[in-house]
1. Sequence-distant or interchain residues sharing an amide H contact under 5 Å with Thr79, placed H: which?
2. Which ³J(HN,Hα) values in Hz, rounded to whole numbers, follow from the phi angles of segment 65-73 under the Karplus curve 6.51 cos²θ - 1.76 cosθ + 1.60, where θ = phi - 60° and Gly and Pro get x?
3. Remind me, relative contact order of segment 8-88 in percent, using alpha carbon pairs under 8 angstrom and six or more residues apart?
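A short reminder: the numbers here are calculations on the coordinates, not readings from a lab. Quick caveat, the model's predicted, so the values are computed rather than measured.
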Amino acid sequence: MCDEGWLEAAEAYCACMERGEEWGSNEADKVLMDAVGEGFDNARGTFENFDVDGDRHIQIDELASALEAMGENPGGEITDEIKQMFTEADVNGDEVVDFIEFLGMMGAGNDDDEEEEEEEEEEGKGNAADA
Ligand SMILES: [Ca+2]
Ligand SMILES: [Ca+2]
């Protein structure tokens, strides 16, 4: 419902980390926190659980360990499946998953309350050979 607010908050959160500030330490961030509510806080908590070394980025070994803790990846090894998941989550390809990318990853694996819309618009097709 509040995707835009979430994205805004996620970006503000990342910017906060870049500046080395605590999340929610300035007024604008507090307003955002109120707007996005507890769900955002929970997601952030989950993110911080994944981020074992606390650098505000999830590395592939952290993903493997987190999934092991969740019982999803017995042995905690970096399998092809983990690599694939990580690569998909790492949208900008910098080999770490930041909070925004993390939200995307969580969203992707968890679409039971939001049905995917698969409307394909075919408009404009078929007139490329007009000239
Ligand atoms: Ca980390
Ligand atoms: Ca990334």
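1. The answer is none.
2. 5, 5, 5, 4, 4, 7, x, 8, 9
3. Relative contact order, segment 8-88: 17 percent.
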